[in-house]
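Okay, structure first, notes after.
The values are calculated or read from the model by the stated rules, or taken from the named source; none is laboratory data. Not measured: the values here are computed from a predicted model. A quick note on method: Cβ atoms are made from the backbone with ideal geometry, for glycine too, and the neighbour counts reach across all protein chains shown.
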Amino acid sequence: MSEQDAAASAPQVVSSFLEQRKEQIAQRWADAALFRSVFTISRDEAVEACKAVVDALSEVAVSGQLENVSAPGFTDVRDQLGRMAATRTRAGSTPGQIADEVARLREPVVDLLREEFADPAGPQAHESALALTLLLGTLRLVVMETALDANAELIERQRQQLLEVATPVIKLWEGTVAVPLIGTLDSARSQVVMESLLEAIVDQRARYAILDITGVPTVDSLVAQHLMKTVAAARLMGAECIVSGIRPAIAQTIVQLGIDLGSVLTRASLADALAYALSRQGIEVSRADAGASAR
Amino acid sequence: MNQPTPGLPAQIPVLALGDVLLVSLQGELHDGMAEQLQHDITNRISTSRVTGVVIDISGVDMVDSFLGRVLAEIASTARLLAARTILAGMRPAVAITLVELGLTLPGLVTALDVDRAMELLSQRGS
Amino acid sequence: MQRSGQASATSLPIGSDADLAWVRQHVRQCAAQLGFGLVQQTKLVTAASELARNTLVYGGGGRVEVTPLDNGRSRGLSMSFIDSGPGIRDLELAMTDGYTTGGGLGLGLSGARRLVHEFSVDTEPGRGTTVTAVAWVAQVPASRPGVR
């Protein structure tokens, strides 16, 4: 048999080996930390999970794409691998440690493979063991990839949640809504603020919208620009925007930066802004006992 | 050559409610139709007693600089003919886009919806 | 979800008012399918309208090529407006807010640029102009099969 023939058939050998010895491999893997610590309900559950991975590896081997991380064979177990990686991460494992755990799956199964050959040290056994090692290396990469993906998605989800949580639009009165802004305003947050405020104007049929920046630490020209855009957009929809809570230090910065907020209606505090919005709607607020004592 | 755009009337109807003209824009608007509308409104104001024009754009999902210019010109022309124009019902996405585009239409009076626009006209009218 | 399964580039003519409406409708549809949010859709359609009108008014007509994009992390839309008109002599001036030779508000090029993420103009006097605008769906990681 020429060397090339041996190389070409090695993945086939590995594939049928995985298929035939699935039960044995699964039994050996089920006790490995990677599976045991994730599938805690029963050992059978871990064995089933191992079998799914062996099936996937066999499918990838038969397709000959030993080194292809996105081989279709992996599709079915990505979800499972992702959950395993996520569980290990939550338990405090670093991606490196998880990779090591995957690497430790190699030895038991390679040993098993070598036993299949009449001459476990012969060239054919060596060829197949090499193919299997390659395949398990790819599995390691797939696990790493799903782990990193899961992390990236978690971060993105948290970022989105933070955006939403940090910008509640409050109805202060019939026809008056307000957003108390807290923390640094970047472009992404400004977009969310603008969109949710404008949506609230429609939902509440609000004539007045208050942007309170008491909780904003600094106002640079970019933030000022976002504020002015929000005011302009609200006006186009038929609502008047009031910016309140400009602290003295921020007022100074605005003047020093040469930002012209002249077109923007401002009030010192949220209360002042609300009082303005109410009086413009012909609503008067007075103490109840003031009327009583006058009697 | 040119396929007709589905769901489009050839002309935009202009309703008269007392001395107020009400125009409701819907969906896709051809440049030609917008210009025709500008012409129609000007004609109506000059031939009958009109004190206000309400343009309802709650059914419009995009305003570009062309339509923006037409709307602004309708308002300025109406003002010259002693009628006030109110743009009503602009959607949030349209408003954000117009501002990003750099078009803030400073000369136009706006209202949340047609009801509010009518309210505004009657307040100032009396 | 297969990346290769996506629609390829579509070419639409720009020769009349009615064509502008078709371009807007097509861009709206593509953007919605790609998962753009309502505000982003509106920005894209408006940019398309501005640029298509430029092609019609200044380029003497032409065509637009609309191509869905996928860079593995995010999906996007590319629109190229192509004419073989007189070209733009002073690009810097044409990109200035308020500059116009066509009686509009002069916000066509400069305004459209603010509505998208990437913007490029390729022009040569006498040979025509190609304006390309690209927008990406607001950063949400591309979902992989099986990963939650």
Check on C:Ala47, closer than 28 Å to B:Gly32 by Cα, surrounded by fewer than 17 Cβ atoms within 10 Å (Cβ to Cβ) and touching a helix residue (DSSP H, G or I) at 6+ places or on another chain (Cβ under 9 Å): no
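Condition check ((1) outside any helix (DSSP H, G or I); (2) among the hydrophobic types (A, V, I, L, M, F, W, C); (3) surrounded by fewer than 18 Cβ atoms within 10 Å (Cβ to Cβ)) across all residues:
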residue	(1), (2), (3)
A:Val60	no, yes, no
A:Leu81	no, yes, no
A:Ala86	no, yes, no
A:Ile98	no, yes, no
A:Glu107	no, no, yes
A:His126	no, no, yes
A:Ala131	no, yes, no
A:Leu134	no, yes, yes
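Results for (1) in contact with a helix residue (DSSP H, G or I) (Cβ under 6 Å, 6 or more places away or on another chain); (2) β-branched (Val, Ile, Thr); (3) part of a loop (DSSP other than H, G, I, E, B), shown as yes or no for each residue.
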site	(1), (2), (3)
C:Ala52	yes, no, no
C:Leu69	no, no, no
C:Ser78	no, no, no
C:Pro86	no, no, yes
C:Glu92	no, no, no
Looking at A:Ile283, A:Ile259, which is the one that is in a loop (DSSP other than H, G, I, E, B), on the phi < 0 side of the Ramachandran plot and at pLDDT 85 or above? A:Ile283
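Do you know which of the residues in the range A:160-184 that are among the small types (Gly, Ala, Ser) and more than 14 Å from every other protein chain (Cβ to nearest Cβ) is farthest from the chain's Cα centre (by Cα)? Steps first, answer last, please.
Keep residues of the range A:160-184 that are among the small types (Gly, Ala, Ser), which gives A:166, A:175, A:178, A:183.
Cutting the leftovers down to more than 14 Å from every other protein chain (Cβ to nearest Cβ) gives us A:166, A:178, A:183.
On the way: A:Ala166: 17, A:Ala178: 29, A:Gly183: 21 Å.
Out of the qualifying residues, it is A:Ala178.
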Does at least one position in the range C:87-95 carry a residue that is modelled with pLDDT under 95, more than 12 Å from chain B (Cβ to nearest Cβ), closer than 23 Å to B:Val63 by Cα and buried (at least 17 other Cβ atoms within 10 Å of the Cβ)? yes
Of all residues in the range A:160-186 being among the hydrophobic types (A, V, I, L, M, F, W, C) and assigned to a helix (DSSP H, G or I), which is farthest from A:Arg280 (Cα to Cα)? A:Leu162
Just one listed residue, out of A:Arg189, A:Arg235, A:Arg157, is within 14 Å of chain B (Cβ to nearest Cβ) and assigned to a helix (DSSP H, G or I), and it is A:Arg235
